[in-house]
Every structure is written in C-alpha cells, then in structure tokens.
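What follows is a set of notes on a single structure, which appears directly below.
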Amino acid sequence: MAPESSALARALRDPPAAVKWHAREWSILIRQARTCGLLGRVAQRVGAACATAGVGPPAGADGHFASSMRVQRAQQAEILREADFLRTALAGLGAPVVVLKGAAYVLAGLPAAEGRLFSDIDIMVPKPSLDRAESLLLQSGWFGTHQNAYDQRYYRQWMHELPPMEHVHRHTVLDVHHTLLPETCRLKPDAAALFADAVSVRGQPGLLVLSPPDMVLHSVTHLFMNDELSHALRDLSDIDALLRHFGNEPGFWASLADRAQRHQVGRLLHHGLRYVQRLFGTPVPAGLVAAIPAAVPGPALQALLDALWLRTFDADNQAAGIAGAALYIRGHWLRMPPLLLARHLGVKALGLHKSSADPVPGKPAG
C-alpha cells in the first residue's frame, strides 16, 4: 500500500470521507492510528466529522474513540498540572523557561494539541542557566536518569539536553534542553534568537513557547534530525496542524523562510513542506523554499530521500527493514561527526555504556 493511500493518511487528510468507509477500512484505520500514536487525533477529527454527518462511528470503533479521548483529556490535564509545578520549581531561575513540542501546543491552546498523546514534557533554558535549573528541579523532586558514566558524558558534553529527569512521586518525565540540536551537530540553530522571540502564554506566567515560525521549525527539526522514527507520521501530522493554523497569520510564511535560513535548517524545512503537502495536502505558498540557498537537494538525492521517508510515513510499514536502518544511521550521521559516531555506536553495540566506568576516558562535563 502506498503511503499516500494508507487509511490513516487519507482519514487525516479528509475526515468527512472516512465517515462513509466500510467496516474493513475502519478496522485498518484504527490499527494504523494506534500503531502510529495518532488514535486520539483520528478520534477527534473523524469523530467530529461523524457528528456533523449525524452518524456515529461503526460498532467497535466508537469504543476505541471514547477510550482514546479519555486518555487524551487525562494527559492534557496532567500537562497543565505539571506546568504549575514547573513554574513553581523554576521561579528562582532568573532566566526564560520555554516549553516545547506537545506540551507547548497544550499550553498555547493550539489545534496541534487536539488528540495529541504525550510521553514526556520538554522545556528549554539558556545554556548558562542549565546547572541552576537542574539544581532547582532536583530540589523539587525530579531526579536524573541514565546514571552510568558514559550516558552522563554523552548528554552533558555532546547533546543539547540534560539526561531525562523523572519526578520521584508523579513519575512524569522531563527533558531539559538548552538548544534544538546536539552540540556535535553540523547545523547550529541560533539559540539566542529562539529565546529572544519566544512568546508568553496566557494564564501561564513565567512560561514561554517558541514563536510560530520557530515552533514549526522545531517540529521539523525534531522529525528530520531524529533517529527515533516510531512516531514519524504523528510528528508530520503536527507540522500539518501548525502550518494550517499559523499559515493564516500575516507575514508568517515569509518569516518562516527567514527563520529557517537563520537557524540553518532550510533543507529540513524543505522536507517538512514536501511531505505534508504530499500526504495531507497542506496549503503552502509556491516557491517558498526555493529562495533559501541549498534548501532543495539534487534530483538523485531527492529520489532516495523520497523512497526512504515515504516508507517511514507508511502506517503499515513503520520504517521497517532497509529504510528504517538507513534513516537511523542518517539521524546519527547528521547529529555527530564520523569518528565520534563510530565510537558511540560501537560503545552502544557492545553494551559498554552499561558499565559504571566511562568507556571513553574523560570526566563528564557539567
């Protein structure tokens, strides 16, 4: 089944059409949506289309929809509670605290939060404030994970975030970033510009979210620079929702192109716009990315990337086999220089990172 014709992609692209589907198509849709982490969004959109048409989902699907909506409401309420805890914990930081990704969509009340499920909360603070932020969070009950010496070194010296933190009582997981891409990455987003243009959130004093173009670019960057692809279609659906919402704001598209060039992610934006148009029919101004230098790859590379990414976005494929392995290596390759990548993959493959000793000599930074 081609990615463009998968039940999940078609339902998200045209929810009213799904109302008329037969039972077999509904069964495929539910299975694909659950696999891709999109059952809540399908329930929201297709359920609304069913209500507009004056019909209910087929027997069986209604139970899946109701269950996913209960989980979604519970998770969004949890996000709002955790925002209160974070605001209190970091009140003495004296630096901006930017909420990222799914939690940001919830706090800002964006359509991208509809049906969105979460595994953790991501925030970003300036790098000079990272140690202070970690100390305040430790005092408030969040403790660090990945305690072995190698992983501590990996995160603190090479990555763009602290090792994940988990609250001792509530068990919520928190990722604390200081920029959008690893320190070792050849692309260098302008972290100062991200903080300078971040915007406040109504009802959430002390917390910020990225500006609309930066929020889209972070979602694009997270998807196309990642080595974890199990929720790739969900992340692409997020980009579609953000573009449809912000695309109506005056000056958004020109600002998006300008910010992509400033953050060195024009090529990644090209990928994002290409695939949301192809799978979801997202309206994008013609020629938007062509004006960004080196944003569009050559024909041969584009054909290869299409073959890999469209298999990844196929809800019945989930980047199986060669496509998944190639994109996994690509994700690491873009994030780390060759020698460091070879050493890192070797340590992981041999399980050396599980030792209490650091297999790579040197004191962990931080």
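Couple of notes before you dig in:
- Across the stretch 267-310, the qualifying residues are those that are free of Cβ contacts under 8 Å to residues at least 40 places away in the same chain and of a type in the set (Val, Ile, Thr), and the one among them that is surrounded by the fewest Cβ atoms within 10 Å (Cβ to Cβ) is Val296.
- When each of Arg116, Arg73 is tested for being within 23 Å of His245 (Cβ to Cβ) and buried (at least 17 other Cβ atoms within 10 Å of the Cβ), the lone residue that passes is Arg116.
- The residue that is surrounded by the fewest Cβ atoms within 10 Å (Cβ to Cβ), among those in the stretch 221-252 that are outside any helix (DSSP H, G or I) and modelled with pLDDT under 90, is Glu228.
- Residues (under 16 Å from Asp214 (Cβ atoms), polar (S, T, N, Q) and touching a residue at least 40 places away in the same chain (Cβ under 8 Å)) located in the stretch 230-266: Ser255, Gln264
- Check on Ala91, in contact with a Leu (Cβ under 9 Å, 6 or more places away or on another chain), crowded, with 20+ Cβ neighbours inside 10 Å and either touching a residue at least 24 places away in the same chain (Cβ under 8 Å) or in a helix (DSSP H, G or I) (or both): no
- Any chance Met225 is under 19 Å from His270 (Cβ atoms), in contact with a strand residue (DSSP E or B) (Cβ under 9 Å, 6 or more places away or on another chain) and not basic (Lys, Arg): no
- Taking the numbered list (1) crowded, with 16+ Cβ neighbours inside 10 Å; (2) out of contact with any strand residue (DSSP E or B) (no Cβ under 9 Å at 6 or more places or on another chain) in turn, His146 passes all entries but (1).
- Residue within the stretch 203-212 that is more than 24 Å from Leu107 (Cα to Cα) and of a type in the set (Gly, Ala, Ser) present: no
- Residue that is surrounded by the most Cβ atoms within 10 Å (Cβ to Cβ) [pool: residues in the stretch 126-143 that are touching a helix residue (DSSP H, G or I) at 6+ places or on another chain (Cβ under 8 Å) and over 17 Å from Asp84 (Cα atoms)]: Pro126
- Residue in the stretch 49-58 that is under 17 Å from Arg234 (Cβ atoms) and modelled with pLDDT of 90 or more present: no
- For the stretch 94-119, the set of residues classified as of a type in the set (A, V, I, L, M), in contact with a strand residue (DSSP E or B) (Cβ under 6 Å, 6 or more places away or on another chain) and not in a loop (DSSP other than H, G, I, E, B) consists of Val98, Val99, Leu100, Ala103, Ala104, Leu107, listed by residue number.
- Residue check, Val199 among the β-branched types (Val, Ile, Thr), within 30 Å of Ala91 (Cβ to Cβ) and either buried (at least 22 other Cβ atoms within 10 Å of the Cβ) or modelled with pLDDT under 95 (or both): no
- Meets criteria (modelled with pLDDT under 75 and more than 20 Å from the chain's Cα centre (by Cα)) for Gly298: no
- Every residue from the stretch 29-46 that is surrounded by fewer than 18 Cβ atoms within 10 Å (Cβ to Cβ), over 15 Å from Ala66 (Cβ atoms) and either touching a Lys or Arg at 6+ places or on another chain (Cβ under 8 Å) or not polar (S, T, N, Q) (or both): Arg31
- The stretch 160-197, subset part of a loop (DSSP other than H, G, I, E, B) and acidic (Asp, Glu), residue farthest from Leu80 (Cα to Cα): Glu183
- Scan of the stretch 110-127 for residues that are touching a residue at least 60 places away in the same chain (Cβ under 8 Å) and of a type outside the set (Lys, Arg), ordered by number: Leu110, Pro111, Ala112, Glu114, Gly115, Leu117, Met124, Pro126
- Criterion: free of Cβ contacts under 8 Å to residues at least 60 places away in the same chain and closer than 21 Å to Ala112 by Cα - qualifying residue of Arg34, Arg24, Arg13, Arg41: Arg34
- Every residue from the stretch 1-51 that is among the polar types (S, T, N, Q) and under 16 Å from Leu310 (Cα atoms): Ser5, Ser6, Gln32
The values are calculated or read from the model by the stated rules, or taken from the named source; none is laboratory data. Just so we're clear, the structure is a prediction, and the values are computed from it rather than from any experiment. Counting neighbours? That spans all protein chains shown, and the Cβs are built from the backbone with ideal geometry, glycine included.
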